[in-house]
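The block underneath contains the structure these notes are about, expressed in structure tokens.
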Amino acid sequence: MSVKVDQIVRSERKTIEIQVSIEGHIIVRAPLNETMKEIDQYIESKKFWLLRTQQITKARYLNDLHKKYEDGERFLYLGKERPLKIINNSVNEVPLFYRDGSFCLSSSYLKFANKIFIDWYKDKAKEYVSDVAERYSKLYDIPFDKVSITNAFSQWASCSGNGCLNFSWRVILVPKEVISYLVVHELAHILLRDHSQDYWIKVEQMMPDYLKYENWLKNNDHICSMFKNEIGSYVAKSKGSPNTSSDEKSEQFEFEI
Ligand SMILES: [Zn+2]
């Protein structure tokens, strides 16, 4: 089976990078002077990883596209997939609540299920992340301005220059330990605004097993774009190149993860 490349983007970069987009498209980023032969060889060397990743990504994408909001369907919350129960109650009652490991959605609100779910996740993200940030802030004496919950789908979190910690609401989908790591990562950026060796030493002091969570995020970055159904410009990074390239760096936030 051969790899079908959907797009080759050339720029003033030094290395080749292959990305599988959220829809399962393969995008190759290459230096201006790289020959097609060299690019083909590189693709061939990554062939099995690429085909496997493409298959998984497509399946996830289609699954996310077709959220049906029906009984038994599963939704992520704090790292686990929890079943949905559709319940019959009056329109005056709470549209969505979480109880005993299940989501309960009122049948009267089915038409708005997507928005209701996202609003619920945002509320929980604000509450949960704020608590964790307060805890680590006190523990390590690193004051911050506030926690903001964003709609970001291409980065988990960032730290603005004014000490504001920003988190995508989708962080509420990942395990608690991983959320703690994201908080530690951003708090450490208040002290050191780069990814220098000193920065990682600080992170390690605050969370000695942080690499475990860093890897978890790299292997699960599709979660960062869940509930984003329109075809967008987001691209999932290949495992070999976790960091954002300088030519594609987000302009909105300087210190992203
Ligand atoms: Zn960072």
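Magnitude of the Cβ-charge dipole of the range 1-155, K/R +1 and D/E -1, about the Cα centre, nearest 20 debye? Before the final figure, lay out the partial values.
Details: 26 positive and 22 negative charges, 50 e Å.
Dipole magnitude for the range 1-155 comes out near 240 debye.
Would you calculate, for the chain, the mean residue ellipticity at 222 nm contributed by helices, counting each DSSP H stretch of 4 or more residues as -39,500 (n - 2.57) and dividing by all residues, to the nearest 500? Before the final figure, lay out each step's value.
Working: 6 runs with 93 residues, N = 257.
After summing the helix terms and dividing by residue count, I get -12000 deg cm²/dmol.
Its residue count N sets the reference 2.2 N^0.38 Å, and the alpha-carbon radius of gyration of the range 7-65 equals 1.22 times that reference. Here the extension length gained between K111 and R10 equals 32.0 nm, from 0.36 nm per residue of separation less the Cα-Cα distance.
Eigen-decomposition of the gyration tensor built on the alpha-carbon atoms of the chain gives equivalent ellipsoid semi-axes of 33, 27, 14 angstrom, largest listed first.
With Cβ to Cβ distances under 14 Å as the rule, what net charge do the other residues near V174 carry (K, R +1; D, E -1)?
Numbers: positive: K80, R82, K124, R170, K176, K212, K218; negative: E81, E177, E214, D221.
Here the count lands on +3.
Available extension along the chain between R52 and S148 is 31.0 nm, counting 0.36 nm per residue and deducting the alpha carbon span. Taking a straight line from the alpha carbon of K4, these lysines sit under 25 Å away, with near neighbours fewer than eight places off in the same chain left out: K14, K37, K46, K47, K58, K218, K228, K237, K239. Classify the range 112-226 from the C-alpha gyration tensor, please: rounded if a/c falls under 1.5, else prolate or oblate depending on whether a/b exceeds b/c. Prolate, because a/c is 1.5 or more and a/b exceeds b/c. As a rough guide to protection, the peptides 19-29, 212-222 ranked by mean Cβ packing within 10 Å, highest first, stand as 19-29, 212-222.
Given a Förster distance of 51 Å, report the FRET efficiency between S196 and S102 from their Cβ-Cβ distance, rounded to the nearest 0.05.
On the way: r = 45 Å, r/R0 = 0.88.
Step by step, r from the Cβ atoms, then E = 0.70.
Taking amide hydrogens as placed 1.01 Å from N in the peptide plane, the amide H of I8 sits under 5 Å from those of V28, each at least 5 positions away in sequence or on another chain.
Return the percentage of antiparallel bridges among DSSP beta bridges fully within the chain, rounded to the nearest 5 %.
Working: 18 of 32 bridges.
Roughly 55 percent of the DSSP beta bridges within the chain come out antiparallel.
The numbers here are math on the coordinates, done by the rules we state, and not lab data. Owing to the predicted nature of the structure, the values given are computational and were not obtained by experimental measurement. Neighbour counts are summed over all protein chains in view; Cβ atoms, including those assigned to glycine, are modelled from backbone coordinates with ideal geometry.
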